[in-house]
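Chemist: One structure, pasted below without further comment.
The values are calculated or read from the model by the stated rules, or taken from the named source; none is laboratory data. Computed from a predicted structure; not experimentally measured. Cβ sites come from the backbone with ideal geometry, for glycine too, and all protein chains shown count toward neighbours. Calculation scope for accessible area: heavy atoms of the full protein, side chains included, ligands and nucleic acids excluded. Shrake-Rupley method; radii C 1.70, N 1.55, O 1.52, S 1.80 Å.
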Amino acid sequence: GVMRMGWRWLLVVVLGVNAGVWSVGAVAGEPLAAVGRPNIVWISCEDISPLLGCYGVTSARTPRLDRLAAEGVLWTHAFACHGVCAPSRTGIITARHPISLGANHMRSRVTLPAGVRLFPELLRESGYYCTNNSKTDYNVVRDLKVVWDESSGKAHWRNRRKSEQPFFAVFNLTMTHESKVWPEGWREVVRGLEPTTLTRTDAVTVPPLYPDTEVVRGDFARLTDLIAVMDREVGRLLDELDSAGLADDTIVMFWSDHGNGLPRAKRWVYDSGLQVPLIVRVPEKYREWAGVGIAGSRDERMVSLLDLGPTVLSLAGVSLPAGLSGQPFLGPDAHRGRRFIHGARDRLDERQDLVRSVRTERYRYVRNLMPWYPALQEVAYGERNETLKEWRRLGAAGGLTEQQGQWLQPRRAEELYDLQSDPWELQNLVDDPGLSGVLAELRGECDRWQLQEADVQLLPEAMLERESVRLGVVRGELFAGESGRERLERVLRAAEAAARGDGIRVSEWVQEADAAVRWWRVEGLSRRLKSGEVVFGEVLDLLSAAAVDEDPVVRLSAACGLAHGGQFEHAAEICRGVLVAAGGDEILLTAVMRTVDESGAELFSRCRGDLEKYSGGEYFDRLLQNAKR
């Protein structure tokens, strides 16, 4: 997707830059040329749902953001593509779904396909001064000197050499992050606040998703305080523009990278994890060009954070490259609102999962391709949250409602929610015969989307990485071309069959040439042995064949099944063999550790000595500590 541009356009850029006429260079159309190109400021924050006064939250103390909304436009239906920071930011900076790049795992270092660029690069080429202060976390390998004029804690639009040069400046505020909701993190953030202004636990509303206890109220009260501190910092950044006399030349966009840093919100693909605040203030002279509503209005269109970059390019008069998943919601080419919002979840730190979701204005469809895991799988970092500790405590004591308790259990392969009657997505309507048409439509849309985006994350991560290295192609190109699409379709069908628990004969399995398909089939059987849905004697032949598979990831899946069938020594032998074969491959070493940890204490005791010889990185170590506990 290299930007298409004519010679005339190029000449304008060169002449504009050389002559210092920054306000006119590289614009698409007269109206923008007549008023000069806008400065654009992003103020992003972390881990909050729309918990601001302007969204109707009475306990919020957000005067500056409320004023920004009164002067601008507030979006009621803005969503991230993932409920955790790194993949969400991959989507924002590339304007592409991270599943198409193989970058949807939390914290990966993925090489981009040729021609895929980070959108600030295009802004810089068109004459903008671009700064980032300072979080990146893009999940992809890129030289930041190519992306930004400056990316650091000191980066600021003030540092540009020529005051007439238009700028794009990002300020990322961190005080609302999940870790600041923890009591020790909160104390650090609110040090400067008057104790009398701190939120009382009886002032907050606890959604029905969560048990309404004093502990849970404490988390919501602390989050309210963090948002109040963040609001003051937003005010400071806006005041800087005012005092420099730049407010009338600068478009300001405020957003959060995903929903609240609380359980079944952050890391998840429900509204609680994907829906975010989005406010845009456009100065009077750009309003017509931007096609923005009147001050204080609300925009009901469904938009994705993938649309942020294309919107900035559009407002700056820069042509959009081909192949983007994002599309502008302001400017001359603004979309009329998305019909569907897509979300995805894959490995979160040390734990794997694979979930895809499709949302319309009224319904959400969720596809759980690893339904054997509970929603609230144990991820070490997230376990420090007070609400989650309380949820687990009450779950063990029988103190949860059925709708709250379901997230501690294995899931259904599919979920369907009516957001009109059930905004917290607690009542799965997948079996409702009256919604069979809705289910079929959204299931079909999920298929279409995964196939169109070439969802390479359907390959288990260690296989994805090894295949990429072996074939010498980047992850995002593994399903390229007609044969790639056919393969993708076969793998998707195998994953869906595994999620449903479809049986498979040994003869069919042995004849299957694709390791990814073999893996999904063995994984589906192995995981169901634990719950007793599959009888061990009936699948022993298949597991024995998988135990000598040429692919190490398939062998690990067989080890999991053998352990659940009581054949611990055979399972341990397989794990030891893969450990040796892994060499320094951290992703594969983590997969071994995850297999052992999830297969129980008996397998761990047999492998412990071998595992302790390895240093497989942060996630390997977390799983090792968990297994020891």
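Chemist: For Glu390, which of the numbered conditions (1) within 29 Å of Thr311 (Cβ to Cβ); (2) over 21 Å from the mean Cα position of the chain (by Cα); (3) modelled with pLDDT of 95 or more fails to hold?
Modeler: It is condition (1) that Glu390 fails.
Chemist: Return the only residue of Glu523, Glu550, Glu573, Glu602 being acidic (Asp, Glu) and buried (at least 24 other Cβ atoms within 10 Å of the Cβ).
Modeler: Result of the check over Glu523, Glu550, Glu573, Glu602: Glu523.
Chemist: Another one. What do you reckon, is Phe171 touching a residue at least 60 places away in the same chain (Cβ under 8 Å), in contact with a strand residue (DSSP E or B) (Cβ under 6 Å, 6 or more places away or on another chain) and hydrophobic (A, V, I, L, M, F, W, C)?
Modeler: yes
Conditions tested, residue by residue: (1) open to solvent by 40 Å² or more (accessible area, probe 1.4 Å); (2) over 29 Å from Arg493 (Cβ atoms).
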| site | (1), (2) |
| --- | --- |
| Val535 | yes, no |
| Phe568 | yes, yes |
| Val592 | no, no |
| Thr595 | no, no |
| Gly609 | yes, yes |
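Chemist: Which of the residues belonging to segment 611-629 are open to solvent by 40 Å² or more (accessible area, probe 1.4 Å) and either of a type in the set (A, V, I, L, M, F, W, C) or part of a helix (DSSP H, G or I) (or both)?
Modeler: If the condition is that a residue be open to solvent by 40 Å² or more (accessible area, probe 1.4 Å) and either of a type in the set (A, V, I, L, M, F, W, C) or part of a helix (DSSP H, G or I) (or both), then Glu618, Asp621, Arg622, Gln625, Lys628 are the ones that fit.
Chemist: Also: Can you run down the residue pairs with Cβ atoms below 8 Å, 6 or more apart or on separate chains, where the first is in segment 112-130 and assigned to a helix (DSSP H, G or I) and the partner is among the acidic types (Asp, Glu)?
Modeler: From segment 112-130, the pairs are Arg124/Asp149.
Chemist: Here's a follow-up. If the Cβ limit is 8 Å and pairs must be 6+ apart or interchain, which residue in segment 497-518 that is closer than 24 Å to Asp447 by Cα pairs with which residue that is part of a helix (DSSP H, G or I) and open to solvent by 40 Å² or more (accessible area, probe 1.4 Å)?
Modeler: Going by the 8 Å Cβ cut-off, the qualifying pairs are Ala497/Arg521; Ala498/Arg521; Ile504/Arg521; Trp509/Arg521; Glu512/Arg521; Asp514/Arg490; Val517/Arg490.
Chemist: Given the criterion surrounded by 14 or more Cβ atoms within 10 Å (Cβ to Cβ) and at pLDDT 95 or above, identify the matching residue among Asp431, Asp447. Spell out how you get there, then give the answer.
Modeler: Details: Asp431 fails: surrounded by 14 or more Cβ atoms within 10 Å (Cβ to Cβ).
Step by step, each of Asp431, Asp447 is checked, and only Asp447 is surrounded by 14 or more Cβ atoms within 10 Å (Cβ to Cβ) and at pLDDT 95 or above.
Chemist: What's the total number of residues in segment 60-109 that are in a strand (DSSP E or B) and open to solvent by 10 Å² or more (accessible area, probe 1.4 Å)?
Modeler: Qualifying residue count, segment 60-109: 2.
Chemist: Let me ask something additional. When you look at Arg222, is it open to solvent by less than 10 Å² (accessible area, probe 1.4 Å), basic (Lys, Arg) and at pLDDT 95 or above, yes or no?
Modeler: No; evaluated as a whole, the condition is false for this residue.
Chemist: Does any residue of segment 527-535 turn out to be of a type outside the set (Asp, Glu), in contact with a Leu (Cβ under 7 Å, 6 or more places away or on another chain) and under 24 Å from Thr590 (Cα atoms)?
Modeler: Within segment 527-535, none of the residues are of a type outside the set (Asp, Glu), in contact with a Leu (Cβ under 7 Å, 6 or more places away or on another chain) and under 24 Å from Thr590 (Cα atoms).
Chemist: Sort through Thr595, Thr590 and tell me the only one that's at pLDDT 95 or above, among the hydroxyl-bearing types (Ser, Thr, Tyr) and touching a Phe, Trp or Tyr at 6+ places or on another chain (Cβ under 6 Å).
Modeler: Result: Thr590 is the single residue among Thr595, Thr590 that is at pLDDT 95 or above, among the hydroxyl-bearing types (Ser, Thr, Tyr) and touching a Phe, Trp or Tyr at 6+ places or on another chain (Cβ under 6 Å).
Chemist: Quick one: which helices (runs of 4 or more DSSP H) lie wholly within segment 548-603 and hold at least 1 residues that are of a type in the set (Lys, Arg) and closer than 19 Å to Gly537 by Cα?
Modeler: Values: elements: 552-564, 568-582, 586-599.
Per the criteria, 552-564.
Chemist: Restricting to segment 120-145, what's the tally of residues that are open to solvent by less than 10 Å² (accessible area, probe 1.4 Å) and of a type in the set (Phe, Trp, Tyr)?
Modeler: 1
Chemist: Which of the residues that make up segment 528-572 are basic (Lys, Arg) and more than 14 Å from Ile504 (Cα to Cα)?
Modeler: Lys530, Arg555
Chemist: Same structure, new question: What is the one condition in (1) closer than 28 Å to Ser100 by Cα; (2) in a strand (DSSP E or B) that Arg298 does not satisfy?
Modeler: Looking at each condition in turn, Arg298 falls short on (1).
Chemist: So which residues in segment 476-489 are buried (at least 16 other Cβ atoms within 10 Å of the Cβ) and among the basic types (Lys, Arg), if there are any at all?
Modeler: Within segment 476-489, Arg487 is the sole residue that qualifies.
Chemist: What number of residues within segment 576-585 satisfy the criterion of being buried (at least 18 other Cβ atoms within 10 Å of the Cβ) and either among the charged types (D, E, K, R) or touching a His at 6+ places or on another chain (Cβ under 8 Å) (or both)?
Modeler: Total satisfying the criteria: 1.
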